[in-house]
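Here is the structure we will look at, set down as structure tokens.
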Amino acid sequence: MENYEDLLGVLLEKLAPALQNQEVNQESKEIPVGISNRHAHLSQADVDKLFGVGYQLTKLKDLSQPGQYACKEMVIIAGPKGVIEKVRILGPVRNQSQVEILQSDSFKLGIKAPLRLSGDLAGSAGATLIGPNGSVELKEGLVVAKRHIHMLPEQARRFGVTDGEEVTINFSGPRGGSLNQVVIRAVENSGLECHIDTEEANALGVTPSTKVVIQKN
């Protein structure tokens with residue numbers, strides 16, 4: 001019996017690294033979920049018009065993507081049919097203002113916003129932004145955010161995907177299932193996270209603790 005226990009101990013010691021690596025590899029397939037509500041990214045020129053010349057946005061809290069943060073300041077979005085108040089601004093400032101809304105917001109505002117990735121603004125919808133010090137007429141920049149996954153280029157290689165590729169993701173839970181046409185955004189200075197909006201999350205029972213995996217055919 002003693003020889004058996006000694007042999008078992010040696011065997012387990014030999015297998016421990018392999019078992020640990022298997023566990024890490026299994027966990028590494030999971031991607032955390034970030035749930036986005038409507039929000040605005042502003043240029044400094046538009047910050048000046050909305051809040052006053054030289055105004056600096058106030059950081060409220062850091063976000064999952066490196067260098068990005070939620071600001072204390074909020075704006076109003078106005079359209080032909082209505083307004084949406086208390087829309088959070090995200091920093092830092094950008095070269096061009098961009099507002100990401102939910103699909104249902106299009107009906108409330110009376111503006112048909114296209115489904116786009118962040119930064120793809122050419123030919124997108126316009127809207128009026130109202131701040132405490134003035135207003136801004138955006139000729140373009142209003143979009144419904146397309147679901148996507150942020151990751152580093154080396155993470156993309158590990159997952160076997162490429163920047164710009166569209167994939168299907170699977171998720172668990174009481175209303176678990178799959179979502180397709182999820183765009184990979186593999187660039188430097190990224191935090192690994194799948195982004196969907198609050199409407200998608202509510203419909204599918206997804207919470208901030210939900211993890212997704214990329215389905216490989």
(message) Quick check: pseudo-label points 7 Å beyond the Cα along Cα→Cβ at residue 165 and residue 139, how many nm apart are they?
(response) 3.8
(request) Rounded to whole Hz and in sequence order, give me ³J(HN,Hα) for the range 192-207 from the Karplus expression 6.51 cos²θ - 1.76 cosθ + 1.60, θ = phi - 60°, writing x for Gly and Pro. (result) 5, 6, 8, 10, 10, 8, 5, 5, 5, 5, 5, 5, 9, x, 7, 10
(request) Kindly flag which residue pairs out of 29/59; 29/216; 146/211; 112/211 have an alpha-carbon separation exceeding 22 Å in this structure. (result) 29/59; 112/211
(request) Give me the percent of DSSP beta bridges within the chain that run antiparallel, rounded to the nearest 5. (result) 65
(request) State the antiparallel share, in %, of DSSP beta bridges confined to the range 76-170, rounding to the nearest 5. (result) 70
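Quantify, in whole percent, the carbon and sulfur part of the accessible surface of the range 44-177 (1.4 Å probe; protein heavy atoms only). Write down the numbers at each step before the final one.
Values: 3600 of 7020 Å².
Of all accessible area on the range 44-177, carbon and sulfur atoms account for 51 percent.
Among the trypsin sites (Lys or Arg not before Pro) within the range 64-108, which fall in a DSSP loop and have no more than 14 other Cβ atoms within 10 Å of their own Cβ?
Filter output for the range 64-108: 81.
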(request) Enumerate the calculated ³J(HN,Hα) couplings along the range 101-108 in order (Karplus 6.51 cos²θ - 1.76 cosθ + 1.60, θ = phi - 60°), each rounded to whole Hz, writing x wherever the residue is Gly or Pro. (result) 10, 8, 4, 5, 5, 4, 6, 5
(request) State in Å² the accessible area per residue of the range 55-191; use a 1.4 Å probe, count heavy atoms of protein chains only, and round to the nearest integer. (result) 53
(request) Kindly give the semi-axes, whole Å and largest first, of the ellipsoid equivalent to the chain, taking each as the square root of 5 times a Cα gyration tensor eigenvalue. (result) 43, 19, 15
(message) Please list 3J(HN,Hα) in residue order for the range 150-166, calculated via the Karplus relation 6.51 cos²θ - 1.76 cosθ + 1.60 where θ = phi - 60°; whole Hz, with x for glycine and proline.
(response) 7, 6, 7, x, 5, 6, 4, 5, 5, 7, x, 10, 10, 4, x, 5, 9
(request) Sort 130, 149 from largest to smallest accessible area, using a 1.4 Å probe on the heavy atoms of the protein chains. (result) 130, 149
(request) With runs of 4+ DSSP H residues as the only contributors, calculate the mean residue ellipticity of the chain at 222 nm using -39,500 (n - 2.57) per run, divided by the residue total and rounded to the nearest 500. (result) -8000 deg cm²/dmol
(request) Return one number: the angle in degrees, 0 to 90 and rounded to the nearest 10, between the long axis of the Cα atoms of helix 2-28 and the longest principal axis of the Cα atoms of the chain. (result) 20
(message) Give me the extension gain from residue 44 to residue 69: residue separation times 0.36 nm, minus the current Cα-Cα distance, reported in nm with one decimal.
(response) 7.4 nm
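The values are calculated or read from the model by the stated rules, or taken from the named source; none is laboratory data. From a predicted model like this one, the values you see are computed outputs, not experimental measurements. Neighbour counts are summed over all protein chains in view; Cβ atoms, including those assigned to glycine, are modelled from backbone coordinates with ideal geometry. Side chains are part of the model used for accessible areas, which takes the heavy atoms of the whole protein and leaves out ligands, DNA and RNA. Shrake-Rupley method; radii C 1.70, N 1.55, O 1.52, S 1.80 Å.
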